[in-house]
Amino acid sequence: MSSKEVKVKKLTRDDFRKYGNFVNLTEVSTKDFFSPGKPPIEFFPDLTTLNVNGEIVGISLCRVHPRELKINLVEHHNYTEEGILPLDGDVLMHVGHPTRDSNPPEKIEVFEVPKLTFVQLKRGTWHHAIFSKDNKVVNCLILLAERTYHNDCEVEKIEEIIINTD
């Protein structure tokens, strides 16, 4: 029996293009990518896409910097679920009962999500940018239908809620 050998190559766009695409999330910055937000919440939508049986999933990054633990915005998506994966730190996620209308929920709950825990939000679940649990920047991978932020995102202001971590 003979064995073959293959040499490991550095991942470059030119060499990998024939197989697909990639984005190194540690290198994402406003210098090279569009972000509609600024710290403490940087959002980089649709850095690349993934075709899943004809449906296009946008691969996005939400980078949250430490900020006051105050909730005053919620959003929801009527036609798509959302996946959130904190990569390098624990986060606090606020959510409200799913609806299909633009009336924000009366009750908000906050959950501690450990890093590397994938969270799936049902369609219509009210939420907004997560909070860093510890006093550090946290990068979160966001999976949504491509361009959801333009065609299926309702954002509402709510009466301010303070997050109590005790």
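Tabulated data for the structure shown
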| quantity | calculated |
| --- | --- |
| Residue in the range 29-42 that is of a type in the set (Ser, Thr, Tyr), more than 19 Å from ILE142 (Cα to Cα) and free of Cβ contacts under 8 Å to residues at least 60 places away in the same chain present | no |
| Of all residues making up the range 135-166, the number that are part of a strand (DSSP E or B) and within 19 Å of SER35 (Cβ to Cβ) | 8 |
| Considering residues of the range 13-45 that are part of a loop (DSSP other than H, G, I, E, B) and of a type in the set (Phe, Trp, Tyr) only, the residue farthest from GLU68 (Cα to Cα) | TYR19 |
| Residues of the range 5-14 that turn out to be under 20 Å from LEU50 (Cβ atoms) and either at pLDDT 95 or above or touching a helix residue (DSSP H, G or I) at 6+ places or on another chain (Cβ under 9 Å) (or both), as a count | 1 |
| Tally, over the range 1-24, of residues that are under 29 Å from TYR79 (Cβ atoms) and in contact with a Phe, Trp or Tyr (Cβ under 9 Å, 6 or more places away or on another chain) | 2 |
| Total residues in the range 51-63, condition touching a residue at least 40 places away in the same chain (Cβ under 8 Å) and loosely packed, with under 15 Cβ neighbours inside 10 Å | 2 |
| Flag if ASP46 is surrounded by 13 or more Cβ atoms within 10 Å (Cβ to Cβ) and acidic (Asp, Glu) | yes |
| Residue that is farthest from ASN164 (Cα to Cα), among those in the range 121-134 that are assigned to a loop (DSSP other than H, G, I, E, B) and either aliphatic (A, V, I, L, M) or in contact with a strand residue (DSSP E or B) (Cβ under 6 Å, 6 or more places away or on another chain) (or both) | GLY124 |
| Scope the range 121-154; condition basic (Lys, Arg) and either more than 17 Å from ILE41 (Cα to Cα) or in contact with a Leu (Cβ under 9 Å, 6 or more places away or on another chain) (or both); matching residues | LYS122, ARG123, LYS133, ARG147 |
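The values are calculated or read from the model by the stated rules, or taken from the named source; none is laboratory data. Nothing here was measured: the structure is a model prediction, and the numbers come from that model. Methodologically, a virtual Cβ is constructed for each residue, glycine included, from the backbone with ideal geometry; neighbour enumeration extends over all protein chains shown.
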